[in-house]
1. Identify all residues within region 77-99 that are in a strand (DSSP E or B), crowded, with 19+ Cβ neighbours inside 10 Å and away from the ligand (no atom under 15 Å from the Cβ); write none if there are none.
2. Check whether at least one residue in region 321-328 is touching a strand residue (DSSP E or B) at 6+ places or on another chain (Cβ under 7 Å) and in a helix (DSSP H, G or I), and report yes or no.
3. State all residues of region 142-160 that are farther than 27 Å from His255 by Cα and either out of contact with any helix residue (DSSP H, G or I) (no Cβ under 9 Å at 6 or more places or on another chain) or assigned by TED's automatic domain parsing to the domain that holds Ser314 (or both); if no residue qualifies, say none.
4. Look at Ala291 and say whether it is assigned by TED's automatic domain parsing to the domain that holds Thr319 and not β-branched (Val, Ile, Thr).
5. Can you tell me which residues in region 281-291 are surrounded by 20 or more Cβ atoms within 10 Å (Cβ to Cβ) and either small (Gly, Ala, Ser) or within 13 Å of the ligand (Cβ to nearest atom) (or both)?
6. Kindly provide the set of residues from region 299-311 that are assigned to a helix (DSSP H, G or I) and surrounded by fewer than 14 Cβ atoms within 10 Å (Cβ to Cβ), ordered by number.
7. Condition first: of a type in the set (Val, Ile, Thr) and more than 16 Å from the ligand (Cβ to nearest atom). Now tell me which residues in region 6-65 satisfy that.
8. Consider Asp123 against the criteria (1) modelled with pLDDT of 95 or more; (2) more than 24 Å from Phe146 (Cβ to Cβ); (3) surrounded by fewer than 15 Cβ atoms within 10 Å (Cβ to Cβ); (4) acidic (Asp, Glu): it satisfies all of them except one. Which criterion is unmet?
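The values are calculated or read from the model by the stated rules, or taken from the named source; none is laboratory data. A quick note: this is a predicted structure, and the numbers were derived from the prediction, not measured. Note that we place each Cβ from the backbone using ideal geometry, even for glycine, and neighbour counts take in every protein chain shown.
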Amino acid sequence: MIDLRSDTVTQPTPEMRSAIANATVGDDVMGEDPTVNALEEYVAELLGKEAAVYMPSGTMTNQIALRIHTEPGDEVILESEAHIYYYEGGAPAALSGVMCRLVKGDRGIFTAKDLSAVTRPTDVHFPRTRLVCVENTHNRGGGKIFPLEEIGAIAHFCQSQGLKLHMDGARLWNACIATGISPAAYAKPFDTVSVCFSKGLGAPVGSALAGSVEQMQRARRFRKMLGGGMRQAGMMAAGALYALKHHQERLQEDHDQAKILAQGLSEIPGIVVNPADVQTNIVVFQTPDRAAPELEARLLEEAGVAVFAVGAHSLRAVTSLMVSPEQIQQAVSKIAAVLS
Ligand code: TLP
């Protein structure tokens, strides 16, 4: 099978497995796991924040960010297709009791002007707006990079309104490799930043939330409350540390393969995709004449190519270290054969 469903399917390399096997561990809930501590310090340093907390998933880091910045009844502003809103099981309502107000972006990217259009004055009739979230790169936006300049304008607006700003940076590493902008430069305008190690970086488990010492103490409390306090978590943190040190640069290969894939797909009759839209490792393509869920099933059954339907007529293919350049070429021919 050629697995283009997600970069979450990446498996640890032999070298990463060896780093995991040799990890020094302790009880992390007691703050005694040296590998987790090293990972948290390294992530905080990379993102230019005071502290970071290792957690089991990107969903947990995002949802704990919402929880630490808000109280029940508050409002969070998100892009209309943000992962936090679209794919996290209704957690903003269930875990933080917040209202979500949506801003329609262009493939996930919105502007400070869009934000100001939905921000309401302080009034007893309205919920208290407390937090704005930005997703970089944007998953449902096809891996689109949030321009740093626009982030600056959004942050400026948030400061003027007393709003907190959180980044879902599950794929921030991809944005950094694609633009040459450092993680710290991207993270600077944000109060909190969530990053994942288990996507393109290829670590088996985990994400981190970074912010101020005070915010991270609060985050640690909610992590415990939600059952995310792990004991000898250094076994997993070792994979994340290895990935950060050895797998960041190689993300460019995934981006190059995604471009090649998009180019190939664009030449298949019945598929609509603009290769110029592909900035990182996600390719979202349209099939105007075919239902995407049915096509997803046929591609798997008839061609052994796994992709995800992400809309009625749109599908997603993601490149990662699990897919070789040869497989990308094969995927294009196999998809063309199914559509012919
Ligand atoms: N995204 C997954 C699915 O949930 C859709 C994927 O295959 O892309 N933020 C963003 C932007 C994400 O894309 C994801 C995972 C998460 C957060 C959540 O991470 P996990 O899966 O670790 O909870």
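1. First, the residues of region 77-99 that are in a strand (DSSP E or B): 77-79, 99.
In the following step, the residues that additionally are crowded, with 19+ Cβ neighbours inside 10 Å were identified as 77-79.
Selection gives Ile77 alone.
2. yes
3. Those that are farther than 27 Å from His255 by Cα and either out of contact with any helix residue (DSSP H, G or I) (no Cβ under 9 Å at 6 or more places or on another chain) or assigned by TED's automatic domain parsing to the domain that holds Ser314 (or both): Gln159, Ser160.
4. Values: assigned by TED's automatic domain parsing to the domain that holds Thr319: yes; not β-branched (Val, Ile, Thr): yes.
For Ala291, the condition - assigned by TED's automatic domain parsing to the domain that holds Thr319 and not β-branched (Val, Ile, Thr) - is met.
5. Asn281, Ile282, Val283, Val284
6. First, the residues of region 299-311 that are assigned to a helix (DSSP H, G or I): 299-303.
Within region 299-311, Glu301, Glu302 qualify.
7. So the first thing to find is which residues in region 6-65 are of a type in the set (Val, Ile, Thr), and the list is 8-10, 13, 20, 24-25, 29, 35-36, 43, 53, 59, 61, 64.
Selection gives Thr13, Ile20, Thr24, Val25, Val29, Thr35, Val36.
8. (1)
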